[in-house]
Amino acid sequence: MKKVLFITYYWPPSGKASLHWPLDIMTHLQNFDWKPIILTTKDETFTEKDESLLEKVNPNWEVIRTKANEPFNLYRKFIGKKPGEKLIASETISTENKSLVHKISVWIRMNLFIPDARIGWYFPAIQAGRKFLKKDKVGAIVSIGPPHTTHLIAKKLSVDFNIPFFPVFIDPWVDISYYRNFKRSRVTLIIDNHLEKSVLKKANKVIFITESMKEDYARKYSFLENKSYVLYWGYNEDDFKSLPLNPLPKEGECKTIVHAGNIFDYQNPIMLWKEIKRRIESGEKFRIKFFGTVAPLVKNSIKETGLEEITEYCGFLPYRQMLNELFNADYLLVCASEKRHVPGKLFEYLRVGKPIIAFGNDNKEVERILQKTSAGRMYDYNDHVSSFFETKFNVELNSEKIMDFNRKNIAAELSNILK
């Protein structure tokens with residue numbers, strides 16, 4: 001069995017959503033003669049904890065944990081929070097906060113931490129990786145980003161030990177969506193573009209989780225044309241074994257709309273709020289539930305539309321509980337940040353089988369997935385959405401197409417790429 005070194009900043013008990021893909025892929029890769037070794041952090045302090053994810057970690061895996069010099073303790077102090085006090089991702093880069101302290105902190109984040117705020121992990125990770133590779137051999141290195149610091153670590157170890165490496169891009173690098181509406185200096189962009197290009201050039205193969213991101217990068221870097229692959233985010237079928245298959249919307253007076261995961265200022269589906277308000281005034285009953293962090297602009301829109309009384313902000317839930325909430329919903333909401341973005345939660349939504357209302361300007365990829373699976377409808381953020389609620393969704397989902405996104409199948413594809 002060949003060994004593969006996975007470099008990932010997040011590891012259980014972190015509840016970070018982007019952890020689910022590598023964790024499940026590692027589990028399934030073992031069926032294709034690859035044994036994972038994990039290089040990760042000791043104490044990641046930003047995200048919520050989900051202790052239940054520890055059950056997915058194979059006790060036979062070697063996990064190398066290192067310290068990371070995180071800037072978030074300084075950040076907490078700078079904005080007046082107590083040490084260890086919870087930070088909310090959607091608030092740290094919100095455009096609604098007009099305070100000088102917030103503006104300064106965002107400028108520092110956008111311009112001084114290159115490629116990202118996890119760059120303090122680079123040297124401890126390199127040191128630990130070298131120590132391991134001097135005594136043990138691996139057949140490949142796979143880095144998971146963001147944070148894209150992981151790719152810099154993988155490139156360095158690849159060069160030092162002549163090991164092929166395969167960066168996985170969950171999100172773009174230089175122009176990731178949360179940089180929008182913020183100013184990055186010319187010098188910062190020159191450095192960041194150089195780092196991005198150096199990683200992509202050195203990589204043996206590059207893996208993207210959306211077709212549109214792959215195409216966008218191929219336009220930017222022509223040398224990627226013949227060494228890029230798409231492995232969708234997918235879902236883990238094992239997580240759904242004790243849950244019902246393709247349940248239809250519940251019959252009843254009050255309909256519940258659920259959004260799972262973080263939602264940022266630039267993902268605000270204001271036309272949905274207006275449509276719900278109109279329907280409530282016509283005598284229908286609705287409830288809106290958010291699981292994860294909700295940006296200030298989204299909360300303000302809900303309040304201004306008069307939906308505050310029917311809205312619940314439930315915060316973070318362990319993964320298993322979150323899946324149960326999805327099954328209890330009538331409709332599932334997904335908001336893409338841009339046309340290259342296929343939100344990971346979309347695939348869990350597909351497997352749950354409830355009608356999906358999706359937003360994303362010019363996002364043809366999400367639209368194609370919804371059409372192929374007959375799972376919901378896609379709208380631009382400025383579209384009227386009354387047609388969604390007038391559609392009879394007791395249609396048959398294309399379960400066969402949905403099963404294509406099972407991570408067991410995706411792990412098989414990754415195995416072939418690594419070979």
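Any read-out appearing in this document is the output of simple, stated calculations on the displayed coordinates, not a laboratory observation. What you see is a predicted model; the values in this text were computed from it and never measured. We place every Cβ from the backbone using ideal geometry, glycine too, and count neighbours over all the protein chains shown.
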Take every DSSP beta bridge whose two residues both sit in the chain, then give the antiparallel share in percent to the nearest 5. 5 percent
Inter-probe distance in nm under a simple model that places probes 7 Å from Cα toward Cβ, at His384 and Met1: 5.9 nm
Most fluctuating residue given options Gln267, Gln30, Gln321, as computed from a GNM of the chain linking Cα atoms under 10 Å: Gln321
Given +1 on the Cβ of Lys and Arg, -1 on the Cβ of Asp and Glu, and no further charges, what dipole in debye does the stretch 241-403 carry about its Cα centre, rounded to the nearest 20? 380 debye
Once fully extended, how much extra length lies between Asn69 and Glu304, figured as 0.36 nm per residue of separation less the alpha-carbon to alpha-carbon distance? 80.5 nm
Summing +1 per Lys or Arg and -1 per Asp or Glu among the other residues with Cβ less than 9 Å from Leu418's Cβ gives +3
Rounded to whole Å and sorted largest first, list the principal axis extents of the Cα atoms in the stretch 215-370. 57, 38, 26
Enter the angle in degrees (range 0 to 90, nearest 10) between the Cα long axis of helix 270-281 and the first principal axis of the Cα atoms of the chain, meaning the one along which they spread out most. 30 degrees
Packing-based exposure ordering (other Cβ within 10 Å, fewest first) of Glu390, Glu62, Glu348, Glu365: Glu390, Glu62, Glu365, Glu348
So how tilted is helix 149-161 from the main axis of the chain? Cα-based, degrees 0 to 90, rounded to 10. 30 degrees
Taking Cα atoms only, Rg over Rh for the stretch 323-401 with Rh from the Kirkwood formula is 0.93
How big is the charge dipole of the chain about its Cα centre, in debye rounded to the nearest 20, if each Lys and Arg gets +1 on its Cβ and each Asp and Glu gets -1 on its Cβ? 1680 debye
So what's the back-of-envelope 222 nm ellipticity for the chain, counting only DSSP H runs of four-plus at -39500 (n - 2.57) apiece and dividing by all residues, rounded to 500? -11000 deg cm²/dmol
Using only the Cα atoms of the stretch 158-228, each taken as one equal point scatterer with no solvent, compute I(q) by the Debye sum, divide by I(0), and report log10 of the ratio at q = 0.25, 0.28 Å⁻¹. -1.22, -1.36
Tilt of helix 122-135 relative to the longest C-alpha principal axis of the chain, in degrees (0 to 90, nearest 10)? 60 degrees
Please report the net charge: other residues with Cβ closer than 12 Å to the Cβ of Val366, K and R +1, D and E -1. +1
Size of the chain along its principal axes in angstrom, Cα-based, largest extent first? 69, 52, 42
Cα-based Rg / Dmax (Å) for the stretch 123-274: 20.2, 64
Highest to lowest packing among 3-13, 49-59, scored as the average C-beta count within 10 Å: 3-13, 49-59
Sorting check: for 130-139, 307-316, which peptide has the highest mean count of neighbouring beta carbons within 10 Å, and how do the rest follow? 307-316, 130-139
